[in-house]
Amino acid sequence: MSIPELKKIQQLWQLDWEMISVNTEYYTHSFHPYSSKYVPQIPNRIISALSLKNELVLDNFVGSGTTLVESKLLGRNSIGIDINPLACLISKVKTSIISFSTIQEVSRFLLNLQSDILEYRKNARSVRSEFVLAKLVLNGKLNSNITKWYHPNVICELHLIINNIKSIEDPYAKDFLKVAFSSLLRSVSNSKSGFGNLMINKRAAPKERIFERFSLATARMLKNANDFSKAASNSDVKVLNGDSRNISFIDDNSIDLICTHPPYMAAVPYVEYQRLSLWWLGYDLSSLDNNMIGGRRSRPDTPQRFFRDMKRALLEMKRVLRNKKYCCITIGNPTYRGKMWELNQLIKRHAIDAGFTFIKEIRRGKYHSTMGKMKEEFVLIFRNE
Ligand SMILES: C[S@@+](CC[C@H](N)C(=O)[O-])C[C@H]1O[C@@H](n2cnc3c(N)ncnc32)[C@H](O)[C@@H]1O
């Protein structure tokens, strides 16, 4: 390691990693809730210190695209991979430069939708929404699982919104509006708030003004996308819906930095948390849960599957990373079946077995993030020697 490189790395250790009062919602980071997002300052610091402008950063567990947003702001090209199509949709929208024509298209869409909604509300006084709903389910236009999570009137408005979105031709405007729509689904449902997993609140009052909430979310996103587009570099971002255990589509020795944040073995039920969005957007939940690393959480073989899968992912990470470049993995220690699993130690061992050289572990304790019950998180830094 050269002296300037060593200095740069040592400066990294000296930073305050607790970051208790940092803003994590700037630019497009606030677009959509995502279970166990990491604070954007983690990839920002790692990318700034351990890569150069125009180099290529990989996040092979990209989630909602935090690493990619920071790469684009810092002038690095990036590739994000996730097995979850919802994660890919969010990541794409968060990292795209919004054009004036898309802003116009989205604004026009809201105006047209408003007249459809007003028309619906006028008719809803005479036609009971329960009947409309029953017809939609019967004609296969609505997943029947959805019906218990919303008041019938809410479903009718949501259905009108998503149906209109589906008819948009501009692919970016369509994805943008899908993310705005999806970001709302939990807050207008009858689920209990304050709980990660979905639980019915039997006493929930029906939510109102769904279209108005959607318009507001979209307007906020337009502003943030516009600000992001002005601040971002013109570096390239690729988002791929794929499986980190096999990334044969990436060449050997082609990546300059890996900055990633894998699932926390049995700690975050992604499919459960995102069920409403996955249903409404028409994704297949059960195959996703079967294929996801750390999915099917309650099975007795969860730890074995998790480590087997992570070993495969680590070997792929080692293969694609250039020599003398860094691999940074953020991980926390979950509790599974009453036992705390020291994933920082276990992942470290598996990364060393895969051929990485361990450099440093940064511990974060009282941090402010969405990690729920876990009290600490680690950034593990390896080098490909
Ligand atoms: C901890 S989250 C990443 C969150 C991300 N850092 C963010 O800020 O949004 C882990 C991600 O790994 C994804 N994942 C699970 N199994 C995967 C696999 N086999 N291949 C690729 N991604 C996978 C999950 O879908 C989830 O989005």
What residue, among those in the stretch 190-232 that are among the charged types (D, E, K, R) and assigned to a loop (DSSP other than H, G, I, E, B), is least open to solvent (accessible area, probe 1.4 Å)? LYS207
Restricting the stretch 246-256 to residues that are within 15 Å of the ligand (Cβ to nearest atom) and among the aliphatic types (A, V, I, L, M), which is farthest from ARG322 (Cα to Cα)? ILE247
Here the residues within the stretch 292-312 that are within 12 Å of the ligand (Cβ to nearest atom) and open to solvent by less than 30 Å² (accessible area, probe 1.4 Å) are MET292, ILE293, GLY294, GLY295, ARG305, PHE306, ASP309, MET310
Could you tell me which of the residues LEU288, LEU315, LEU240 is in contact with a Cys (Cβ under 9 Å, 6 or more places away or on another chain), touching a residue at least 12 places away in the same chain (Cβ under 8 Å) and within 14 Å of the ligand (Cβ to nearest atom)? LEU240
Restricting attention to the stretch 287-303, report how many residues are of a type outside the set (A, V, I, L, M, F, W, C) and part of a loop (DSSP other than H, G, I, E, B). 8
In the stretch 1-33, which residues are outside any loop (DSSP other than H, G, I, E, B) and in contact (Cβ under 8 Å) with a residue 24 or more places away in the chain? LYS8, ILE9, GLN11, LEU12, TRP13, TYR27, THR28, HIS29, SER30
Of the candidates SER78, SER64, SER91, the one satisfying the condition of being open to solvent by less than 10 Å² (accessible area, probe 1.4 Å) and part of a strand (DSSP E or B) is SER78
Criterion (under 30 Å from MET292 (Cα atoms) and charged (D, E, K, R)) met by exactly one of ASP59, ASP16: ASP59
Please work out which residue is farthest from the ligand (Cβ to nearest atom), limiting yourself to the stretch 51-60 and to residues that are hydrophobic (A, V, I, L, M, F, W, C) and surrounded by fewer than 24 Cβ atoms within 10 Å (Cβ to Cβ). LEU52
Please verify whether the stretch 10-22 includes one or more residues that are closer than 21 Å to LYS223 by Cα and touching a Phe, Trp or Tyr at 6+ places or on another chain (Cβ under 8 Å). no
Name the one entry in THR335, THR357 that is out of contact with any strand residue (DSSP E or B) (no Cβ under 9 Å at 6 or more places or on another chain) and surrounded by fewer than 15 Cβ atoms within 10 Å (Cβ to Cβ). THR335
Of the residues ARG337, ARG349, which is within 28 Å of TRP17 (Cβ to Cβ), away from the ligand (no atom under 16 Å from the Cβ) and among the charged types (D, E, K, R)? ARG349
Checking the conditions here, which among ASN112, ASN44 is at pLDDT 95 or above, open to solvent by 30 Å² or more (accessible area, probe 1.4 Å) and within 13 Å of the ligand (Cβ to nearest atom)? ASN44
Please verify whether the stretch 205-218 includes one or more residues that are assigned by TED's automatic domain parsing to the domain that holds ARG322 and modelled with pLDDT under 95. no
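The values are calculated or read from the model by the stated rules, or taken from the named source; none is laboratory data. A quick note: this is a predicted structure, and the numbers were derived from the prediction, not measured. Because the Cβ atoms are built from the backbone with ideal geometry, glycine has one as well, and the counts that use them run over all protein chains shown. Protein only, heavy atoms only, side chains kept; ligands, DNA and RNA dropped before computing areas. Shrake-Rupley method; radii C 1.70, N 1.55, O 1.52, S 1.80 Å.
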